[in-house]
Amino acid sequence: MRRLASASFQPFAGEDIRSLIEMQARLRADHPFLVWRPVDGPRAVWTYREFAQRVARIAAGLHARGVVAGDRVLIHLDNCPEAIFSWFGCTWLGAVAVTTNARSSVDELAYYADDAAVVAGITQPRLAAIVAAACPRLRWLAVTTTDNGASPATGAPAASEAFDAIDADPDRLPARAHDPMAPFSVQYTSGTTSRPKGVLWTHANALWGARINATHQSLRADDIHMVTLPLFHTNAQAYSMLATLWAGATAVVSPRFSASRFWPVSVEERCTWASIVPFAARALDAHEVPPSHHYRLWGSGVSEPPTDARFRVKTIGWWGMTETITHGSIGLPHLPNPSLSMGRAAPEYEVRIVVDGRDAEPGETGDFLVRGVRGLSLFAEYLNRPDATAESFDDEGWFITGDRVRLGENGWLYFADRAKDMLKVGGENVAASEIERVIALVPGVLETAVVARRDRMLDEVPVAFVRVEPTGEQARAALVEAVRGACEAALADFKRPREILIVDDFPRATLEKIAKAELRRRLEARSG
């Protein structure tokens, strides 16, 4: 890991995301950049020129409301045009967009807002009450007029509180240098600690993501990129939106992934590219594939799975994290890739697979390490967490991903597993410790451990084991309900345990630690 010594000696010297938007507005002025395909409501299109104009007006509107460069603004939205306008509007002004999972609980959202010290918020009618309850210290909260295109059940916001009121003349914006090392955005990502960490990107990180993702994905100006994954996450932000912006291509955005809508919208919009998580591929496998479509490539966690033949598209495998902005490993778009591999080491990074302190031999599985440049090809820092930032790198500057990878023949890489206390629930990363923190506070709980159970559609789901004092069945049943209620109050729905199992004691490993591997074996034995 290296730090950039100066903003003057790097690939994006004198540039920021505003520079890229302005350039594309000149070069691709009348070409569609954003196409909005809501479930309810009309289709909408913004050209590159129209998009740049709207973003600049939102930036000026934010400034008119007292937001200045460096301030952090909460963006708590499902997929919608306003989420994209807000994100880019913040960065145009020099403010920092804090994008959060729209499924977050009040407790989770309150933590994000407090940790990031957000000054204002943007949300939608369906989520406005949660944001108001979780973030009482916001200077102001703007609310969209629809819920992702649908008429809201709660009614439209007052005119002064409406998102559309964030509008002003861009000529009133203060002059600001194009600084690639200025802070760009914050995303909260689950780790092995009890609370998620805020991953801070710079403008150089965002430009890196735009350029390198477009290159890895061989995006062209005539591509039409289907975006169905959540816009608060790196995948949709960097792999889709930023890469599309760099290529001068078109992004077709849907409110959410829908297996029943995916093919009709794809065919109507003539989509050529999509990022597909395993959950989405399994869901699509249950639907009829149209006789013809225009897709040339998909990106996913594995290359060329057997379903490529059914979908009539080539999938390139990749591996990446919020902290790496783009792919540490990538498949080859125009050449064959071994099926189910995650490609080869990306040329823009150094990678290692370490087994007992040495580099892995072909056939071995080890810890996956990545080395790059902080603030450019790797995240700048974990917000307010210098210790966690330092601990995520080893003494030689390698970023410790927490994932384990198998080295195949000729340098091909295969994902093995992740840090044992991390779960992958339908594409969402979940730390077992987040769930354990909530359960441990329930009166009557002596000890708890959360592990993953295999799930056909979601990959994994959380199961909680809870140790209590010996009591009767009625008392145990009441405690299970108390645990379930605590999880519903404090955790997003995808983080809540699917089962809560009472145990009198736990299997133990060295130093009396709970043997989670044994708990996983018990679950496998039950399902087997």
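The values are calculated or read from the model by the stated rules, or taken from the named source; none is laboratory data. Just so it is clear, the model here is predicted, and its values are computed rather than measured. We place every Cβ from the backbone using ideal geometry, glycine too, and count neighbours over all the protein chains shown. Accessible surface areas use protein heavy atoms only, side chains included; no ligands, DNA or RNA. Shrake-Rupley method; radii C 1.70, N 1.55, O 1.52, S 1.80 Å.
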Practice problem: Being among the hydrophobic types (A, V, I, L, M, F, W, C) and touching a strand residue (DSSP E or B) at 6+ places or on another chain (Cβ under 7 Å) narrows it down to one of Val45, Val55, so name that one. | Solution: Val45
Practice problem: Within region 253-262, identify whether any single residue is hydroxyl-bearing (Ser, Thr, Tyr), closer than 28 Å to Gln124 by Cβ and either over 17 Å from the mean Cα position of the chain (by Cα) or not in a loop (DSSP other than H, G, I, E, B) (or both), and answer yes or no. | Solution: yes
Quiz item: Only one of these conditions is not met by Val67: (1) closer than 16 Å to Tyr188 by Cβ; (2) without any contact (Cβ under 8 Å) to a residue 60 or more places away in the chain; (3) in contact with a Cys (Cβ under 9 Å, 6 or more places away or on another chain). Which number is it?
Solution: (1)
Practice problem: Give region 293-334 a look and list any residue that's surrounded by fewer than 21 Cβ atoms within 10 Å (Cβ to Cβ), part of a strand (DSSP E or B) and either of a type in the set (Ser, Thr, Tyr) or in contact with a helix residue (DSSP H, G or I) (Cβ under 7 Å, 6 or more places away or on another chain) (or both), or say none. | Solution: Lys314
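Scan region 444-455 and tell me whether some residue there is at positive phi and part of a loop (DSSP other than H, G, I, E, B). Give the steps one after another, and end with the answer.
First, pick out the residues of region 444-455 that are at positive phi: 444.
When the remaining residues are screened for being part of a loop (DSSP other than H, G, I, E, B), the result is 444.
Yes, there is a match, as at least one residue in region 444-455 is at positive phi and part of a loop (DSSP other than H, G, I, E, B).
Given Val73, Val45, Val39, Val68, which one is of a type in the set (A, V, I, L, M) and crowded, with 21+ Cβ neighbours inside 10 Å? Steps first, answer last, please.
Values: Val45 fails: crowded, with 21+ Cβ neighbours inside 10 Å; Val39 fails: crowded, with 21+ Cβ neighbours inside 10 Å; Val68 fails: crowded, with 21+ Cβ neighbours inside 10 Å.
Going through Val73, Val45, Val39, Val68 in turn, the sole match is Val73.
Just give me the residues in region 363-410 being of a type in the set (S, T, N, Q) and outside any loop (DSSP other than H, G, I, E, B), in sequence order.
Going through region 363-410, the residues of a type in the set (S, T, N, Q) turn out to be 365, 377, 384, 389, 392, 401, 410.
Those that are of a type in the set (S, T, N, Q) and outside any loop (DSSP other than H, G, I, E, B): Thr365, Thr389, Thr401, Asn410.
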Quiz item: Is there a residue in region 135-145 that is touching a residue at least 24 places away in the same chain (Cβ under 8 Å), out of contact with any helix residue (DSSP H, G or I) (no Cβ under 8 Å at 6 or more places or on another chain), crowded, with 17+ Cβ neighbours inside 10 Å and outside any loop (DSSP other than H, G, I, E, B)?
Solution: no
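For (1) within 27 Å of Ala117 (Cα to Cα); (2) open to solvent by 50 Å² or more (accessible area, probe 1.4 Å), each residue gets a yes or a no:
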{"residue": "Pro386", "(1), (2)": "yes, yes"}
{"residue": "Trp398", "(1), (2)": "no, no"}
{"residue": "Gly408", "(1), (2)": "no, no"}
{"residue": "Arg437", "(1), (2)": "yes, yes"}
{"residue": "Val442", "(1), (2)": "no, no"}
{"residue": "Val461", "(1), (2)": "no, no"}
{"residue": "Ala477", "(1), (2)": "no, yes"}
Quiz item: Does any residue in region 152-179 that is closer than 27 Å to Pro38 by Cβ and open to solvent by 70 Å² or more (accessible area, probe 1.4 Å) come within less than 6 Å, Cβ to Cβ, of a residue that is in a loop (DSSP other than H, G, I, E, B) and not small (Gly, Ala, Ser) six or more places away or on a different chain, and which pairs are these?
Solution: Ala156/Thr145
Quiz item: Among the residues of region 114-133, how many are open to solvent by less than 10 Å² (accessible area, probe 1.4 Å), small (Gly, Ala, Ser) and part of a helix (DSSP H, G or I)?
Solution: 1
Quiz item: over 20 Å from the mean Cα position of the chain (by Cα) and among the acidic types (Asp, Glu): does that describe Asp455?
Solution: yes
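Return the residues of region 486-514 that are outside any helix (DSSP H, G or I), more than 31 Å from the chain's Cα centre (by Cα) and either at pLDDT 90 or above or aliphatic (A, V, I, L, M) (or both); say none if nothing qualifies. Let's see the steps before the verdict.
So the first thing to find is which residues in region 486-514 are outside any helix (DSSP H, G or I), and the list is 491-492, 496-509, 513-514.
Next, from what is left, pick out any that are more than 31 Å from the chain's Cα centre (by Cα): 502-509, 513.
Of everything in region 486-514, those that are outside any helix (DSSP H, G or I), more than 31 Å from the chain's Cα centre (by Cα) and either at pLDDT 90 or above or aliphatic (A, V, I, L, M) (or both) turn out to be Ile502, Val503, Ala509.
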Practice problem: Say whether the condition of being assigned to a loop (DSSP other than H, G, I, E, B), closer than 30 Å to Glu460 by Cβ and of a type in the set (S, T, N, Q) is met by at least one residue in region 221-233. | Solution: yes
